[in-house]
1. Looking at the range 135-186, which of its residues are farther than 21 Å from residue 101 by Cα and small (Gly, Ala, Ser)?
2. Any idea which of (1) of a type outside the set (Val, Ile, Thr); (2) more than 18 Å from residue 271 (Cβ to Cβ); (3) at pLDDT below 95 is the one residue 207 doesn't satisfy?
3. Do the conditions hold for residue 58, that is, is it touching a helix residue (DSSP H, G or I) at 6+ places or on another chain (Cβ under 7 Å), in a loop (DSSP other than H, G, I, E, B) and of a type in the set (Phe, Trp, Tyr)?
4. Any chance you could count how many residues in the range 226-243 are more than 12 Å from residue 208 (Cβ to Cβ), out of contact with any Leu (no Cβ under 8 Å at 6 or more places or on another chain) and not in a strand (DSSP E or B)?
5. Being surrounded by 13 or more Cβ atoms within 10 Å (Cβ to Cβ), within 21 Å of residue 171 (Cα to Cα), without any contact (Cβ under 8 Å) to a residue 60 or more places away in the chain and aliphatic (A, V, I, L, M) narrows it down to one residue among 229, 237; which is it?
6. Determine whether residue 67 is within 24 Å of residue 200 (Cα to Cα) and either of a type outside the set (Asp, Glu) or part of a loop (DSSP other than H, G, I, E, B) (or both).
7. In the list 164, 135, which residue meets the criterion of being surrounded by 12 or more Cβ atoms within 10 Å (Cβ to Cβ) and part of a loop (DSSP other than H, G, I, E, B)?
8. Scanning the range 157-200 for residues that are within 16 Å of residue 269 (Cα to Cα) and among the small types (Gly, Ala, Ser), which turns out farthest from the chain's Cα centre (by Cα)?
Amino acid sequence: MGKLKERFHRKNGIVSRIFSMVLALAMIMTMIPAIGGATTAYAASPTIRLYLDKPSTWNTPVVHVWAAGAAVDNHGAGNATISQWGNQEKPKLAFEKSTGLYYVDVQSSEWTGFQFVDAGSTETAAPEIKTEGAAIEQIKTFTSDTNLYCLLDDNGKYQWYKDASKKETLIPESVPTECDLTINYKSTLGDDVAAYIYKETNKPAGEWPGKTMTATAGHEGWYTMHLTLDNSTDYSLILNDDGHGNKLKDVTLSTKGKAEAEYWFDGSLSETKPADWICNNHPLSCFRNGKYYLQLYVGSRCLCNRSRCWKRMAGRTDFGKC
């Protein structure tokens with residue numbers, strides 16, 4: 001009787017193990033589609049066909065897509081060498097006889113930017129048409145295959161359109177593409193001051209040490225710089241002594257999506273005017289909190305006062321009480 005029980009348990013143990021193995025195998029098989037979906041998610045990205053109305057002075061248009069994993073299909077057009085880029089080879093654009101336009105298909109899960117380049121140019125710098133910023137942000141919104149057209153607008157500049165007839169631009173007119181940036185700095189680096197602004201390889205204020213700042217009228221010790229830049233991203237700022245060896249720690253400029261931005265740096269970066277910025281040393285141009293004020297000098301100090309409480313006395317440069 002004992003042997004029968006032992007044989008029964010041994011037999012059921014084997015069956016149980018076999019059942020567990022089959023169950024585990026079934027679970028793995030059900031997971032395969034999900035795993036496959038994850039690995040093919042990149043291929044599911046929409047294909048964007050980029051058309052170019054080739055500039056009349058260009059010879060051989062090629063494309064350079066910045067994203068390393070992007071798939072570029074030029075339909076067998078081959079490659080061309082850009083001598084100005086150290087003889088790098090880039091895919092040529094195919095030619096479409098029906099439209100007279102050149103084109104290439106790009107599929108990418110990460111759009112960062114791209115440029116058309118004239119590989120046949122003998123100029124010192126290869127002519128190019130660069131696409132980044134707001135245009136790329138719009139391309140990222142597409143969820144299905146799309147055609148885009150790089151064509152000359154009425155002002156003779158290249159612009160991206162959603163159709164060959166130029167009825168709709170890629171970037172809506174309501175979307176600001178540039179930011180008017182002003183930086184004010186109370187210098188601790190002396191009279192020679194520059195602002196170096198960068199985002200990866202984008203340097204809107206130029207190479208190091210950047211753009212020289214000028215003394216701000218009416219604000220002793222302050223220096224100002226104005227710059228218009230692409231507002232598709234934030235930037236880093238390094239204030240320095242115009243490249244003579246001293247600099248401050250880099251700070252972030254929040255410019256993404258803004259049409260304008262103004263910053264003051266007095267020990268730290270701020271978007272709020274400092275106290276000594278309120279008056280600008282002009283006797284009738286004090287403005288604060290949305291209201292105009294007259295100003296009063298006490299020694300070298302400028303005070304803002306409500307216009308209804310102070311008036312300018314005839315023939316004098318100071319102010320008397322009403």
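1. 144, 174 - these are the residues of the range 135-186 that are farther than 21 Å from residue 101 by Cα and small (Gly, Ala, Ser).
2. It fails just one condition, (3).
3. On the way: touching a helix residue (DSSP H, G or I) at 6+ places or on another chain (Cβ under 7 Å): no; in a loop (DSSP other than H, G, I, E, B): yes; of a type in the set (Phe, Trp, Tyr): yes.
No; evaluated as a whole, the condition is false for this residue.
4. 3
5. Numbers: 237 fails: within 21 Å of residue 171 (Cα to Cα).
Just one listed residue meets the conditions, 229.
6. Values: within 24 Å of residue 200 (Cα to Cα): yes; either of a type outside the set (Asp, Glu) or part of a loop (DSSP other than H, G, I, E, B) (or both): yes.
Judged against the criteria, residue 67 is a match.
7. Details: 135 fails: part of a loop (DSSP other than H, G, I, E, B).
The unique qualifying residue is 164.
8. Filtering the range 157-200 for residues that are within 16 Å of residue 269 (Cα to Cα) and among the small types (Gly, Ala, Ser), the one farthest from the chain's Cα centre (by Cα) comes out as 187.
The values are calculated or read from the model by the stated rules, or taken from the named source; none is laboratory data. What you are looking at is a predicted structure, and each value in this text was computed from that prediction instead of being measured. For neighbour counting, all protein chains shown are included, and Cβ atoms are generated from backbone atoms with ideal geometry for every residue, glycine included.
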